[in-house]
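A short worksheet on the structure shown next.
Values quoted throughout were computed directly from the atomic coordinates according to the rules given, and no laboratory measurement underlies them. Quick caveat, the model's predicted, so the values are computed rather than measured. Cβ placement follows ideal geometry from the backbone for every residue including glycine, while neighbour counts extend to all protein chains displayed.
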Amino acid sequence: MKQHELVEKNVGLLALFMVIAVSIGGLVQIVPLFFQDVTNTPVEGMKPRTALELEGRDIYIREGCVGCHSQMVRPFRAETERYGHYSVAGESVWDHPFLWGSKRTGPDLARVGGRYSDDWHRAHLYNPRNVVPESKMPAYPWLVENKLDGKDTAAKMQALRTLGVPYTDDDIAGARDAVKGKTEMDALVAFLQGLGTSIKNKR
């Protein structure tokens with residue numbers, strides 16, 4: 001019996017070798033990333049999200065926006081011509097969890113910040129068909145009615161600081177006042193307007 005037949009006919013041995021091969025391959029690809037500054041150093045000039053943007057990010061997650069919108073411009077000409085500069089690792093080092101996404105029912109949002117006005121975003125989120133008649137995106141009218149109380153905002157910022165996001169004591173102390181009385185629509189628009197603004201070269 002040939003050696004490879006011995007492995008193929010022994011399920012336990014085959015599984016063991018598969019685990020070893022996948023582990024070695026994974027380590028070879030992943031471990032070097034921890035030692036490359038480019039993957040864990042913020043983009044020059046990048047600032048942590050404001051309290052309002054942070055609340056908007058949580059609303060983005062809650063409403064399932066990441067299911068239809070990616071936040072990752074790939075380094076292909078077709079992508080950069082449409083969306084702008086390709087995404088770099090330094091833009092996402094303070095994102096916990098990452099919101100890169102894997103599906104584009106709607107457009108990529110990695111560079112949407114500043115592309116449209118606040119009023120455009122409000123109208124689009126309230127009823128997308130008012131702005132883009134053929135849109136398949138659902139409407140989110142309740143965002144206008146729901147108010148933020150900010151009771152958990154400081155705790156969120158404190159938790160993110162333990163993960164390396166450079167929030168100051170003043171940022172955390174003023175978090176509740178910064179969002180109190182604002183609507184969920186205000187927060188989501190603030191989050192969207194901040195996306196991709198760390199990269200100054202849009203092409």
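Details
- Computed [θ] at 222 nm, deg cm²/dmol, the chain (DSSP H ≥ 4; -39,500 (n - 2.57); rounded to nearest 500): -13000 deg cm²/dmol
- Cα long-axis angle, helix 184-194 against the chain (0 to 90 degrees, to the nearest 10): 60 degrees
- Relative to the longest principal axis of the Cα atoms of the chain, helix 11-30 runs at roughly 50 degrees.
- With Cα atoms, 0 to 90° folded angle of helix 153-162 axis to the chain main axis: 30 degrees
- Spatially proximal lysines relative to residue 151 (Cα-Cα < 26 Å; intrachain offsets below 8 disregarded): 47, 180, 182
- Restricting the range 112-142 to trypsin sites (Lys or Arg not before Pro) that sit in a DSSP loop and have at most 10 other Cβ atoms within 10 Å of their own Cβ leaves 136.
- Over the C-alpha atoms of the chain, the Rg to Rh ratio, Rh being the Kirkwood estimate, stands at 1.11.
- Alpha-carbon gyration tensor eigenvalues x 5, square-rooted, for the range 125-191, Å: 31, 14, 8
- Fewest-first ranking of 18, 72, 46, 185, using other Cβ atoms within 10 Å as the exposure measure: 18, 46, 72, 185
- Between the alpha-carbon centres of the range 35-74 and the range 104-171 there is a gap of 11 Å.
- Relative contact order for the range 44-192, counting Cα pairs under 8 Å that sit 6 or more residues apart, in percent: 34 percent
- Residue separation of residue 96 and residue 136 scaled by 0.36 nm, minus their Cα-Cα distance, works out to 11.6 nm of gained length.
- The chymotrypsin sites (Phe, Trp or Tyr not before Pro) of the range 1-106 meeting both criteria, a DSSP state outside H, G, I, E and B (loop) and at most 10 other C-beta atoms within 10 angstrom of the site's C-beta, are 76.
- Protection proxy ranking, peptides 157-168, 189-200, average beta carbon neighbours within 10 Å, highest first: 189-200, 157-168
- Each of 24, 172 was scored by other Cβ atoms within 10 Å of its Cβ. Listed from fewest to most, they are 24, 172.
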